[in-house]
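Presented below is the structure to which this report refers.
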Amino acid sequence: MMFCHERSKKAKNIGNAVKILLAGNPNTGKSVFFNRITGIGVIISNYPGTTVELLKGKTRFNGKEIVIIDLPGTYSLGAGSMDERVARAAILEEESAIVINIVDASNLERNLYLTLQLLELQTPIVVALNMIDEARKRGIEIDHEKLSELLGVPVIPTVATRGEGIKEVVETALKVIDGKITIRPMKVQYGRDIEAIIQELEKVIKERLKTIPRNIRARTLAILLLEGDPEIVEEIKNIDSKVVEAAKRLAEKVEELHGEPASLRIAKERYGVAHSIAKAVTTRYKRKTLFRERLDTLTTNVYTGFPIMISVWVALFALLLYGGSFLEELIVFGWESYVAPIIDKGLFYIVPNEFLYHVISRGLILGLEAGLAVVVPYVTLFYIALAILEDTGYLTRMAYLMDNIMHKMGLHGRAIIPLIAGYGCNVPAVMGTRVLETRRERVLAAFLITLVPCSARTVVILGLIGQYIGLLAVLVMYTLNLAIIAVSGFFLNRIIKGETTGLVMELPPYRIPHPIPVLKKTWIRFREFVYIAFPLLIFGSLFLSALEYSGFLRPVASLMSPVVVGILGLPALTGITLFFGILRKEMTLEMLIVLFGTTDFLAIMNIHQMIVFTIVVTLYFPCIATFAVLGKELGWKTAILIAISTIILAIIIGGITNLILTYFWM
Amino acid sequence: MKAKDLGEKVEECLEILFKLEKDRERVKMTELAEKLRFPYSSMTVLLQKLSNMGLIDYEPYKGVKLTDKGKELAIKVIRRHRLSERFLTDILGFDWSEAHEHACKLEHVITNKIEEKLDEKLGKPTVCPHGNPIPTANGKIIFENDIPLSELQPAEEATITRILDENSNLLRRLVAMGILPGVKVTVKEKSPLGGALVLKIGDYEVALGHDVASKICVKTDVPPHRRRHRRRRGSRRIQ
Ligand SMILES: Nc1nc2c(ncn2[C@@H]2O[C@H](COP(=O)(O)OP(=O)(O)OP(=O)(O)O)[C@@H](O)[C@H]2O)c(=O)[nH]1
Ligand SMILES: [Mg+2]
Ligand SMILES: [Zn+2]
């Protein structure tokens, strides 16, 4: 995510580049489009709500400078959750030249609802009729020429994953901008009485408002007001409350006439239009039940769904533990016998000071080894497994099955997806909470995510517990961690005030994950380790050496010793490494190596201390990147509150573990 | 405030409560005041009066609920309102979009005797000009006998009748996803112990939490007493 962010900042100075928005329902392939057009690696997964922020990318197309913006998916313009609000704000506010509306051909009718809303806005659009391969498999054939005729805008059939039709879509979009193709968008016509009411409100709007915010048309505003769109109503109320009053009165009139709220009536009529268009262009063929439909039933059914879910978890752990440790041995062997000696020699010649050479060479070689030995096998394996789970669409089934349990923590099933992502990295996971509807749920989920051992913490857990006690102990640690999360969730649910909502989530069809996208996604996530973690590691080691050299280390360590030594029973100097852990969690381990000059952690701590140390590292303060994203997403007050709570939690649980281990075990 | 005015307000209040209760358990005082166009400050007096008459059950902060007696009276007022509407359109030649407003006035001055004669003269109509059912003389209204979606069993088909929602956020979300009154749905799977369910709507599937499903009312094609016997499993149709 961070990388896309950086690129997006660069893309802001657009100049005379043409701006194109990618809009559509969730999970229709917008990000695949974005990736295909710009070449920028973005996360693509088979569940709704993968993209939760604006992603901009600049590229050249046929010699023309264009800026493509990938939006979060949204079912309608009357948006609810944060990610949908981002999409809607972009559609209403970004001064785009054109919108490419990505439509799922296998699910045309519902997708057309948003298309009709886009047409009402009167921004020029081009429709990409995506996933026609999928539609065909399900026995659905769509006459795209007729659809184009009915909608009055170009419709181009595409298969984004195979790159089919994407070029044509962009070409057509550019032609529309240049005026080489003229579009005549259909007018969405409502029933006679609704039309009369819309026109009446339109008149009021034209009379009372000099300019309409966001440059939308009077008719569109009238419809949005009649639908009672909270954001728009509030906005207009501040300009001229009489308009809102008129809208309210007219909406009531609709309700009297039709016996249902105006918003519902309008939606119904819009669906009516979508239905008749879809019906006119769709032909359905008889077909067999697909294997994946059987799989769908198996994985959601009461009797088979839960056993399958548990098996998936067990298989995942087994893969990580056995596959990971096998790869680890392989890598360590290769590193120690081939790469490490070369680096060592190189450093010997480059670094002039002998003391510095020792520190750097030790820190770098052992640090890199710790990184490589654990990060590469375990973390990449996890990311590959996660990518496969995401691309199949299984995560949504898990969300469905877990709904009941998540309610005990004040959340609903959908929150399970960001929570699982948290095992990879907390930062995108916290961003992922945008799909939740209320602030309360977001705070709750974000808090729990910070307790999830991300891959950096996995490095520590495996490096200490895995190495010195065994993989079974690692499993126990993870289970304990789950218990801590569950108990914290249970208590937070009672403490945090606010609204709770329920699960409403589309279940996408199962898809076969393809190796190349899976590896690409793994790399997008993994590169953070390469680009950020390794430089930080090197600077951290240098900084630590400098600190030690200038004699600052001991005073700082003794300042922290009441907690570190007194409560947690750890060696005083380990407190220093906890500071570095704020930057990145795995640095606690790496800095131990640099600080004590050995990779044999048993020389630093006994087993009992290792357990306490690991627990503390896992729980205390979410790393600085997570903290920043918490602040950005939920406000700094909440971020600080979460950070302090996790520190207290770490000290309490670490202290208790220390006590238990001291008195009952060793 | 004159006694006659208050009497009119009482009837109107009952009528509005009856309509609002269709979508929720209890009606908030603020909402009631707004719909009634009645000053909030005088609401307590009005509600107190209704409560004393045994027409409503009023709990501060929680809201208002009609008692059985209140419901009966409300249905009577609705009958008179809708008969008045018919009278206005069928006999006096009003436009149907105007009928409602005038009927609001007329309904309060109709006596039992007038009501009876009106019904006869109009040929015992069953629906108002807007298509809403007119309750019968003995206070029966053709209720849609719908049930919460959460009560359906896997493989059962139903049509959504209404969505109960206090603040319309849920309604908005569901409508955007194509879950709204009039839509045909099939329950595909259902988790035990108040878990979520999987709904099939046309070409796509949506998972709904139990709490959400219990706010969606549906009508099955199968009569209620037959429903229990219809727990077929695994029957899939392909369109
Ligand atoms: N069969 C098929 N699958 C596709 C096609 N286009 C996209 N997909 C798949 O659809 C899923 C969703 O793709 P994304 O690009 O992440 O969808 P999105 O619209 O960005 O989704 P959100 O970010 O959640 O709104 C992925 O699993 C894609 O592989 C297509 O043309 N055919
Ligand atoms: Mg996306
Ligand atoms: Zn009527």
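The values are calculated or read from the model by the stated rules, or taken from the named source; none is laboratory data. Just so we're clear, the structure is a prediction, and the values are computed from it rather than from any experiment. Using ideal geometry, Cβ is built from the backbone for each residue, glycine included, and neighbour counts are taken over all protein chains shown.
Can you tell me which residue among A:K175, A:K180, A:K187 is in a loop (DSSP other than H, G, I, E, B), more than 30 Å from the chain's Cα centre (by Cα) and more than 20 Å from A:L121 (Cβ to Cβ)? Spell out how you get there, then give the answer.
On the way: A:K175 fails: in a loop (DSSP other than H, G, I, E, B); A:K187 fails: more than 20 Å from A:L121 (Cβ to Cβ).
That would be A:K180, the only listed residue that is in a loop (DSSP other than H, G, I, E, B), more than 30 Å from the chain's Cα centre (by Cα) and more than 20 Å from A:L121 (Cβ to Cβ).
Could you identify the single residue in A:A135, A:A173 that is more than 16 Å from ligand 3 (Cβ to nearest atom), away from every other protein chain (no Cβ under 14 Å) and surrounded by 15 or more Cβ atoms within 10 Å (Cβ to Cβ)?
Numbers: A:A135 fails: away from every other protein chain (no Cβ under 14 Å).
Going through A:A135, A:A173 in turn, just one is more than 16 Å from ligand 3 (Cβ to nearest atom), away from every other protein chain (no Cβ under 14 Å) and surrounded by 15 or more Cβ atoms within 10 Å (Cβ to Cβ): A:A173.
So the check is Cβ under 7 Å with 6+ separation or different chains; which pairs have a first residue in the stretch A:444-458 that's without any contact (Cβ under 8 Å) to a residue 60 or more places away in the chain and a second one that's of a type in the set (S, T, Y)?
These pairs meet every condition: A:A445/A:T433; A:L448/A:S488; A:V452/A:Y423.
Given the stretch A:242-344, what helices (runs of 4 or more DSSP H) lie entirely inside it while holding 2 or more residues that are of a type in the set (D, E)? Give the steps one after another, and end with the answer.
Details: elements: A:262-281, A:291-300, A:302-318, A:324-334.
By residue number, A:291-300, A:324-334.
Restricting attention to the stretch A:68-81, which residues are within 16 Å of ligand 2 (Cβ to nearest atom) and either in contact (Cβ under 8 Å) with a residue 60 or more places away in the chain or of a type in the set (V, I, T) (or both)? Before the answer, list the steps.
Restricting attention to the stretch A:68-81, the residues satisfying the condition of being within 16 Å of ligand 2 (Cβ to nearest atom) are A:68-75, A:79, A:81.
Passing the criteria: A:I68, A:I69, A:P72, A:T74, A:S81.
Could you count how many residues in the stretch B:185-219 are among the hydroxyl-bearing types (S, T, Y) and facing chain A (nearest Cβ under 7 Å)? Spell out how you get there, then give the answer.
We begin by selecting, within the stretch B:185-219, every residue among the hydroxyl-bearing types (S, T, Y); these are B:186, B:191, B:204, B:214.
Next, from what is left, pick out any that are facing chain A (nearest Cβ under 7 Å): B:191, B:204.
The total comes to 2.
Please work out if B:I91 is surrounded by fewer than 16 Cβ atoms within 10 Å (Cβ to Cβ) and in contact (Cβ under 8 Å) with a residue 24 or more places away in the chain.
Answer is yes for this residue.
I'm trying to understand the selection: among the residues of the stretch A:545-584, which are out of contact with any Ser or Thr (no Cβ under 8 Å at 6 or more places or on another chain) and outside any helix (DSSP H, G or I)?
Result: A:S550, A:G551, A:F552, A:L568, A:L570, A:P571, A:L573, A:R584.
Taking interchain pairs and intrachain pairs at least six residues apart, which have beta carbon atoms under 8 angstrom, with the first residue in the stretch A:39-56 and closer than 11 Å to A:G432 by Cα and of a type in the set (A, V, I, L, M, F, W, C) and the second within 8 Å of ligand 2 (Cβ to nearest atom) and assigned to a loop (DSSP other than H, G, I, E, B)?
Note: pairs meeting the criteria are A:V52/A:P72.
How many of the residues making up the stretch B:161-184 are more than 11 Å from chain A (Cβ to nearest Cβ) and out of contact with any Lys or Arg (no Cβ under 7 Å at 6 or more places or on another chain)?
Number of matching residues: 1.
Residues to consider are A:E84, A:E109, A:E65; find the one that is within 14 Å of chain B (Cβ to nearest Cβ), more than 10 Å from ligand 2 (Cβ to nearest atom), out of contact with any Cys (no Cβ under 9 Å at 6 or more places or on another chain) and free of Cβ contacts under 8 Å to residues at least 60 places away in the same chain. Give the steps one after another, and end with the answer.
Working: A:E109 fails: free of Cβ contacts under 8 Å to residues at least 60 places away in the same chain; A:E65 fails: within 14 Å of chain B (Cβ to nearest Cβ).
Exactly one of A:E84, A:E109, A:E65 is within 14 Å of chain B (Cβ to nearest Cβ), more than 10 Å from ligand 2 (Cβ to nearest atom), out of contact with any Cys (no Cβ under 9 Å at 6 or more places or on another chain) and free of Cβ contacts under 8 Å to residues at least 60 places away in the same chain, namely A:E84.
Report whether or not A:L649 is at pLDDT 90 or above and hydrophobic (A, V, I, L, M, F, W, C).
Numbers: at pLDDT 90 or above: yes; hydrophobic (A, V, I, L, M, F, W, C): yes.
It is true that A:L649 is at pLDDT 90 or above and hydrophobic (A, V, I, L, M, F, W, C).
Out of the residues in the stretch A:390-400 that are more than 16 Å from ligand 2 (Cβ to nearest atom) and within 12 Å of A:M505 (Cα to Cα), which is surrounded by the most Cβ atoms within 10 Å (Cβ to Cβ)?
Taking the stretch A:390-400 and keeping what is more than 16 Å from ligand 2 (Cβ to nearest atom), we get A:392, A:394, A:397-400.
In the following step, the residues that additionally are within 12 Å of A:M505 (Cα to Cα) were identified as A:397-400.
Numbers: A:R397: 27, A:M398: 20, A:A399: 24, A:Y400: 30.
That would be A:Y400.
Condition check: under 28 Å from A:R192 (Cα atoms) and either away from ligand 1 (no atom under 16 Å from the Cβ) or part of a helix (DSSP H, G or I) (or both). Does B:H108 satisfy that?
Working: under 28 Å from A:R192 (Cα atoms): no; either away from ligand 1 (no atom under 16 Å from the Cβ) or part of a helix (DSSP H, G or I) (or both): yes.
So B:H108 does not fit the description; no.
Pull up the stretch A:36-52, narrow it to residues that are more than 14 Å from chain B (Cβ to nearest Cβ) and under 21 Å from A:G393 (Cα atoms), then point me to the one that is nearest to ligand 2 (Cβ to nearest atom). Reasoning before the result, please.
So the first thing to find is which residues in the stretch A:36-52 are more than 14 Å from chain B (Cβ to nearest Cβ), and the list is A:36-45, A:50-52.
Then drop every residue that is not under 21 Å from A:G393 (Cα atoms), which leaves A:41-45, A:50-52.
Values: A:G41: 12, A:V42: 7, A:I43: 7, A:I44: 6, A:S45: 8, A:T50: 5, A:T51: 3, A:V52: 9 Å.
Here the residue is A:T51.
Mind listing whichever residues of the stretch A:279-302 are within 9 Å of another protein chain (Cβ to nearest Cβ) and of a type in the set (A, V, I, L, M)?
A:V302
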